[in-house]
Amino acid sequence: MEFSTKAIHSSYDCDEHNRALMPPIYQNSMFAMHGIGEQTPYRYSRLSNPTRQVLEDTVADLEQGAAAFAFSSGMAGIDAVWRTFLKPGDTVVAVSDIYGGAYDLLVDVYAKWGINVVFADLSNPANLDDILAKQTVKLVWLETPSNPLLRLVDIKTQAEKAKAAGALVGIDNTFATPYLQQPLTLGCDIVFHSATKYLCGHSDVLMGVVVVKTPELAKPLHNMMVNTGAIAGPMDCWLVLRGIKTLALRMQAHCRNALEIAKRLESHPAIERVFYPGLPSHEHHELAKAQMPKGIGGVVTVYLKNDSKAAADSVIQNMNIVKMAASLGGVESLVNHCYSQSHSGVPHDVKMQMGIKEGLLRFSIGVEDVEDIWQDIATALNSTL
């Protein structure tokens, strides 16, 4: 089956559920057993749940992985991966322009636990060569496109380098979704999604989903999920399953609108620079065309010419359709002031190294009419002139 068909029909047989066309919500904490030692697929929902299983199998199929696991939040999913495959004394190499929450977790928790954390600009393949030549690396963690500057990593090249050195390769594929990019086919071992965002697509769920390439990787990660208990509930799983059915359609609309908005922003007098890999002006435009041929996603980031929190706040307050919010990926257009929101916990000097300026705004372009989105943004930008 092609992607759009799998997104609707994968991993669910209505004959196994009283012919219900949509997967039922198994709102159960436990399931009846007929005797001691009975081997049943479902006993207790921390261990497994039928609704969660359909979601996990669906995402695994879309990412072409061996298994998937749904967690109660994106950060719970990342934490489970790192706790499963890292131990004190190990080295993890992560992209330098990593999501702020992941940065906080590495610095505030894992570094203090004895993990050697190395941040590097992995958009330059030579940087990983230098690191691998100097030390043994257990895990390489990629994020492409990155949050919020949408920098890209050559997944296949960096995965080959890491695998040759004996390292596992994990990737945050949230911005791309499996519709635009399937990293396991490019050499990665682990794919992470904040399902809160595009997989759900309607801003009504918190969830993380992790997909692994092999059964050997699945077993310890499943044990970690069961032992630590940060599992996604059945209602949330059902909502994400419903969202996935329209993922292809939504991503096509997000990509189409985002590209048009990005083009227009480039010529607006209030804008210093536009970050969108679909534009020829982006540093990784050629890689984007090759690595993400279906589209580049729905996030567009800008530097305001007036690089100040006051100017950013003026834009935010003068928009009506586009709302300021902590997340992204919903059908509605949103804006994030990354300096004070997504990367708020990152020290100022590190923000500056990352390129997270006070006058940076990250737009999550929704699926509204593109003219309405543009009119709202352009009018607000004019307030800074």
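Observations on the model:
- Per-selection metrics, segment 236-370 (Cα): Rg and Dmax in Å: 15.3, 45
- Label-to-label distance for ASP108 and ALA325 is 2.4 nm, based on points extended 7 Å past Cα in the beta-carbon direction.
- For segment 1-53, applying the loop criterion from DSSP together with a ceiling of 13 other beta carbons within 10 Å to the trypsin sites (Lys or Arg not before Pro) yields ARG19.
- Size-normalised alpha-carbon gyration radius of segment 163-287, reference 2.2 N^0.38 Å: 1.29
- Chain lengthening between ASP130 and THR185 when straightened (0.36 nm per residue, less Cα-Cα): 17.3 nm
- Percent of Cα pairs exceeding the 20 Å cut-off, where the set is segment 18-133: 61
- With Cα atoms as the point set, the radius of gyration and Dmax of segment 88-190 evaluate to 12.8, 37 Å.
- Each of the GluC sites (Glu not before Pro) that DSSP puts in a loop and that has at most 13 other Cβ atoms within 10 Å breaks the chain; the longest unbroken stretch is 39-385.
- Long pairs among LYS294/LYS357; LYS138/LYS351; LYS213/LYS323; LYS138/LYS213, criterion Cα-Cα beyond 28 Å: LYS294/LYS357; LYS213/LYS323
- FRET efficiency for the HIS348 to ASP313 pair, using the beta carbon distance and R₀ = 22 Å, is estimated at 0.75.
- In a DSSP loop and with at most 15 other Cβ atoms within 10 Å, the trypsin sites (Lys or Arg not before Pro) in segment 256-343 are LYS294.
- Restricting attention to segment 17-170, close to 10% of DSSP beta bridges with both partner residues there are antiparallel.
- Exposure of SER194 as accessible area (Å², to 10), given a probe of 1.4 Å and all protein chains: 10
- Helix-derived mean residue ellipticity, 222 nm - over the chain, DSSP H n ≥ 4, -39500 (n - 2.57), to 500: -11000 deg cm²/dmol
The values are calculated or read from the model by the stated rules, or taken from the named source; none is laboratory data. Please read these numbers as outputs of a predicted model, since none were measured by experiment. So basically every Cβ, Gly included, is an ideal-geometry build from the backbone, and we count neighbours across all protein chains shown. Heavy atoms of the whole protein, side chains included, go into the accessibility calculation; ligands, DNA and RNA do not. Shrake-Rupley method; radii C 1.70, N 1.55, O 1.52, S 1.80 Å.
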